[in-house]
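**Student:** Quick one: the structure is below, and I'll ask about it shortly.
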Amino acid sequence: LEDGSLTYGEAVLKGETDEEVLFSTYLCHPSMANNELSGPLVQAFLYKKIAALPKRKYTYRFLFAPETIGVISYLHRFGDHLTKHLAAGYVLTCCGDTGSFVYKRSKRGDALCDRIAEHVLKYRDAAYEVIPFSIGGSDERQYCSPGFNLPVGSLTRSMYQRYKEYHTSLDNKDFISFAAMEETIAVYFEFV
């Protein structure tokens with residue numbers, strides 16, 4: 001948190017209220033297709049779908065930042081705002097392969113984001129798993145950290161550290177599926 005620079009991208013779609021829904025993803029391992037590029041791709045297409053809605057109750061915030069340090073820096077600057085306005089949030093990662101959905105709850109465990117995700121998954125005709133919050137993982141650990149404890153969960157497909165291609169050169173374009181990413185976009189849009 002010293003003087004310097006850290007690049008992140010943010011887009012906000014205003015809604016009828018100041019209550020916000022956050023979608024957060026990261027761009028720091030661009031050679032990995034599922035662990036890295038699937039999140040920004042899904043988030044970009046989700047943005048287009050939400051932007052096309054004629055009315056939005058919530059304000060939608062989309063963040064693209066380096067994993068871990070990017071969100072720590074972002075929370076340093078905007079954590080108070082999120083604490084006051086965030087109704088629900090999701091971290092998008094590992095969402096481009098054909099594996100079953102895995103929803104990782106927020107630290108709160110019963111926040112709006114958790115209830116929505118579990119409701120949508122329950123009524124889809126597809127296998128899924130719901131797991132409790134744990135400190136290992138992705139940027140949900142920063143959002144749910146002490147001092148913030150924001151309502152942020154994460155919907156993945158083959159979850160990080162659970163597939164053999166994870167953090168290897170085998171996590172490439174052959175491992176992901178555009179049809180699977182379209183399905184992931186559809187599920188996140190059902191959350192909306």
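The values are calculated or read from the model by the stated rules, or taken from the named source; none is laboratory data. Every value quoted in this text rests on a predicted model; they were computed, and no experiment measured them. All Cβ positions, glycine included, derive from the backbone under ideal geometry; neighbour counts span all protein chains shown. We work out accessible area using only protein heavy atoms, side chains counted, and drop any ligands, DNA or RNA first. Shrake-Rupley method; radii C 1.70, N 1.55, O 1.52, S 1.80 Å.
**Student:** Here are some conditions: (1) within 16 Å of the chain's Cα centre (by Cα); (2) under 20 Å from residue 184 (Cβ atoms); (3) at pLDDT below 95; (4) open to solvent by 50 Å² or more (accessible area, probe 1.4 Å). Residue 105 meets all but one. Which one does it not meet?
**Tutor:** Checking residue 105 against (1) within 16 Å of the chain's Cα centre (by Cα); (2) under 20 Å from residue 184 (Cβ atoms); (3) at pLDDT below 95; (4) open to solvent by 50 Å² or more (accessible area, probe 1.4 Å), the one that fails is (3).
**Student:** Evaluate the following for residue 85: is it at negative phi and surrounded by fewer than 22 Cβ atoms within 10 Å (Cβ to Cβ)?
**Tutor:** yes
**Student:** Being surrounded by fewer than 16 Cβ atoms within 10 Å (Cβ to Cβ) and either closer than 21 Å to residue 131 by Cα or of a type in the set (A, V, I, L, M) (or both) is the filter here, so list the residues in segment 155-185 that pass it.
**Tutor:** The answer is 161, 162, 164, 170, 179.
**Student:** Across segment 9-67, what is the number of residues that are out of contact with any Lys or Arg (no Cβ under 8 Å at 6 or more places or on another chain), touching a residue at least 40 places away in the same chain (Cβ under 8 Å), open to solvent by 30 Å² or more (accessible area, probe 1.4 Å) and not in a loop (DSSP other than H, G, I, E, B)?
**Tutor:** 5
**Student:** Additional query: Return the only residue of 97, 139 being closer than 20 Å to residue 47 by Cβ and either in contact (Cβ under 8 Å) with a residue 40 or more places away in the chain or polar (S, T, N, Q) (or both).
**Tutor:** 139
**Student:** Something else now. Quick one: in segment 133-169, of everything that is modelled with pLDDT of 90 or more, in a loop (DSSP other than H, G, I, E, B) and among the hydrophobic types (A, V, I, L, M, F, W, C), which residue is farthest from residue 69 (Cα to Cα)?
**Tutor:** Looking at the filtered set, the residue picked out is 133.
**Student:** Scan segment 28-43 and give yes if some residue there is at positive phi and touching a helix residue (DSSP H, G or I) at 6+ places or on another chain (Cβ under 9 Å), otherwise no.
**Tutor:** no
**Student:** Follow-up question, since we're still on this one. Can you find, within segment 43-88, the residue that is farthest from residue 152 (Cα to Cα) among those that are modelled with pLDDT under 95 and polar (S, T, N, Q)?
**Tutor:** 73
**Student:** A follow-up question, please. Limited to segment 114-132, what total is found for residues that are acidic (Asp, Glu), touching a residue at least 24 places away in the same chain (Cβ under 8 Å) and outside any strand (DSSP E or B)?
**Tutor:** Result for segment 114-132: 1.
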